[in-house]
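Worksheet: one structure, shown below.
The values are calculated or read from the model by the stated rules, or taken from the named source; none is laboratory data. The model shown is predicted, which means the values in this text are computed figures rather than measured ones. When we count neighbours, we look across all protein chains shown, and the Cβ atoms used for this are built from the backbone with ideal geometry, even at glycine. These accessible areas exclude ligands, DNA and RNA; they are computed on the full protein's heavy atoms, side chains included. Shrake-Rupley method; radii C 1.70, N 1.55, O 1.52, S 1.80 Å.
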Amino acid sequence: VLGSGVTIRVSDGTGPPLKRVSNVLGLSQEAAKSKLQQKGFEVKVEQVEVAEEGLHGVVVDQAPPGGTKAEEGSTVVIYVGKYVEPEPPPTTEPPTDPPTEPPGGGGGGGGGGGLPAPMAASGVLLVLGTLGSLAGRVRSLRRGGRGRRPARPARRLGPGPAA
C-alpha cells in the first residue's frame, strides 16, 4: 500500500551464537537443569518409565545429545526416569475340572487307543514283546515243534536218593 512503512532488517550472517550442549546423562533432574541453564539453554523435562529403581529421578536421555552444538537460548529436552514397579506375572492355576476327553484327542488313531502318551508307549512295548514271543513260536513250528516248549522235569532240591 502506498505511504505505509516498511521495515528492513539486515543480518551480518552470524546468527545467534552456538554453544556446546553439556552431557547430563546420569545426573539428577535438578543437577542437569542447573548445568544446562548455566550454559544458556532452556530446559524441558519429560518423565519416562524405568524398570530399575536406581534410575528414578535420573536423566536417562537428552535431545540434542551432549557434545553437539545448539543455539544459545534453545531448548534441551531431558528425559528423567520415573520408577514404575513391574507387575507380577499372571499366575496360572490348574484347571478345576478334569478334562472330558483323554489326552491325545481320544480318537485312538495313533496306536495308543486314545491313551495318554506314557500308557500308549508301554502298550507299544507290550505289543512288541507279544510279537517277539509269537515269532519264537513260529520258528519252533517251522522246526517241527508243537509251538510250545516241552515242560521241564521238576528239579529236586536237596540230596538225591542214596545209592
R0 = 22 Å: FRET efficiency of Glu53 with Leu25, Cβ-based, nearest 0.05?
0.75
Counting only residues 5 or more apart in sequence or on a different chain, those whose built amide H sits under 5 Å from that of Thr75 are Glu42
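Please list Thr14, Thr68, Thr96 from largest to smallest accessible area, probe radius 1.4 Å, with all protein chains kept in place.
Greatest to least solvent exposure: Thr96, Thr14, Thr68.
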Calculated FRET efficiency, Glu87 and Lys35, Cβ-Cβ r, R0 35 Å, to nearest 0.05?
0.50
